[in-house]
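The values are calculated or read from the model by the stated rules, or taken from the named source; none is laboratory data. Owing to the predicted nature of the structure, the values given are computational and were not obtained by experimental measurement. Ideal geometry is used to build each Cβ from the backbone, glycine not excepted, and the neighbour counts take in all protein chains shown. Remember, those area values only see protein heavy atoms, side chains included, never the ligands or the DNA or RNA. Shrake-Rupley method; radii C 1.70, N 1.55, O 1.52, S 1.80 Å.
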Amino acid sequence: LLILTAAIWGSGFVAQIEGNAFGPFAFSCIRCFIAAGFLALIFKILDAFGKSPRKPRNRKETLLHWKAGFFCGLALCTAMNLQQLGMYLGTPAGKSGFLTACYIVLVPVVSLFLGKRTSLKTWICIAITTAGLYLLCVKDGFSIELSDSVSLLCALAFSFHILVIDKFVNHVDPIRVSAIQFLTIGVLTAPLMIVFDLKFPAMDFGTVIAAFGNPNAIAGLAFAALCSSGIAYTLQIVAQDKINPTIASLTMSLESVFAVLAGWAILGEQLSAREICGCAIMMVAIVMAQIKISPASS
């Protein structure tokens, strides 16, 4: 499920390029409200057929769902908008992808402070995956600028998102929590859309209205809302019910691999030997992380 999640997210970069015609915050805001509505419809249908085993049965459980959804939404909203801000301040897209994916290192580090240990084998796989990410994403020399620091804060926010899911996932209906998560992001992003994209107090709706007349922008918005948000982020919550958050973060870092492959398959972008090598290294490390090593019998 997490590999499928990574594949959808990676393909979603193409959709985001087209959807940016709405304006970055308008795109995020509209996308999240659509995703929230889509997921609300799904859990209502499942309720009607009695297929929601974790449907809240009392006020306490309902409040738990809203609490989980709000904190997941707060972390994800922070991560999404810090990533956008980092790129706006000058971090190139490839470097942003690498710095964002540093959550694979930050998740086990933050987990240590929460009393969760990570095995030596997993740390080795994290180091190998980070090397593969560097080859895949960073084309020029590497140095940390102000904008890059913002992108690293984005990675920290993604780490907290993964760990917040891990805290609540065993007690909640993932579809409900995901719907609340995107409702939260939509509400929190709306002021940013009004100030920056609609240029309050001028309130210029021209860019957004024009984008609704652009078939490619509409297709990008629909894919991002229904697939990248509605389906993939919900699959993440479902899958994290069964997997260690550090291994989950490693697996989801395949998003970078799928983004490069989607650019090659859909946009006709060329794959360099460096990128192919980075993809291969990441794949090997993530497979290694999944293999359970049994102690040798005497």
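Structural remarks
- Selection count, region 45-66, where residues are within 16 Å of Gln181 (Cβ to Cβ), in contact (Cβ under 8 Å) with a residue 12 or more places away in the chain and either part of a helix (DSSP H, G or I) or aliphatic (A, V, I, L, M) (or both): 3
- Boolean, Ala131 is of a type in the set (Gly, Ala, Ser), assigned to a helix (DSSP H, G or I) and modelled with pLDDT of 90 or more: no
- Test: residue in region 173-196 that is free of Cβ contacts under 8 Å to residues at least 40 places away in the same chain, buried (at least 18 other Cβ atoms within 10 Å of the Cβ) and in a helix (DSSP H, G or I): no
- Residue in region 124-144 that is in contact with a helix residue (DSSP H, G or I) (Cβ under 7 Å, 6 or more places away or on another chain) and more than 27 Å from Ala273 (Cβ to Cβ) present: no
- Put simply, of Gly86, Gly69 the only residue that is open to solvent by less than 20 Å² (accessible area, probe 1.4 Å), assigned to a helix (DSSP H, G or I) and touching a Cys at 6+ places or on another chain (Cβ under 9 Å) is Gly86.
- Looking across region 93-113, the residues that are more than 24 Å from Asn20 (Cα to Cα) and either in a helix (DSSP H, G or I) or of a type in the set (Phe, Trp, Tyr) (or both) come down to Tyr103, Ile104, Val105, Leu106, Val107, Pro108, Val109, Val110, Ser111, Leu112, Phe113.
- Pairs are defined by a Cβ separation below 8 Å, a sequence spacing of at least 6 or placement on different chains, a first member in region 216-227 that is under 7 Å from Glu18 (Cβ atoms), and a second member that is assigned to a helix (DSSP H, G or I) and among the β-branched types (Val, Ile, Thr); the pairs so defined are Gly220/Val14; Gly220/Ile17.
Here's the yes/no breakdown for (1) open to solvent by 10 Å² or more (accessible area, probe 1.4 Å); (2) at pLDDT below 85; (3) not aliphatic (A, V, I, L, M):
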residue: Asn216; (1), (2), (3): yes, no, yes
residue: Phe223; (1), (2), (3): yes, no, yes
residue: Ile231; (1), (2), (3): yes, no, no
residue: Gly278; (1), (2), (3): no, no, yes
residue: Ile281; (1), (2), (3): yes, no, no
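- None of Leu226, Leu221, Leu250 is under 30 Å from Ala127 (Cα atoms) and in a helix (DSSP H, G or I) except Leu250.
- Whenever a residue of region 239-257 is over 22 Å from Cys279 (Cα atoms), it has no partner that is in a loop (DSSP other than H, G, I, E, B) and open to solvent by less than 20 Å² (accessible area, probe 1.4 Å) lying with C-beta atoms less than 6 angstrom away and at least six residues away or across chains.
Yes or no, residue by residue, for (1) farther than 30 Å from Trp66 by Cβ; (2) at pLDDT 95 or above:
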{"site": "Val177", "(1), (2)": "no, yes"}
{"site": "Leu183", "(1), (2)": "no, yes"}
{"site": "Val195", "(1), (2)": "no, no"}
{"site": "Ala202", "(1), (2)": "yes, no"}
{"site": "Ala210", "(1), (2)": "yes, no"}
{"site": "Ala219", "(1), (2)": "yes, no"}
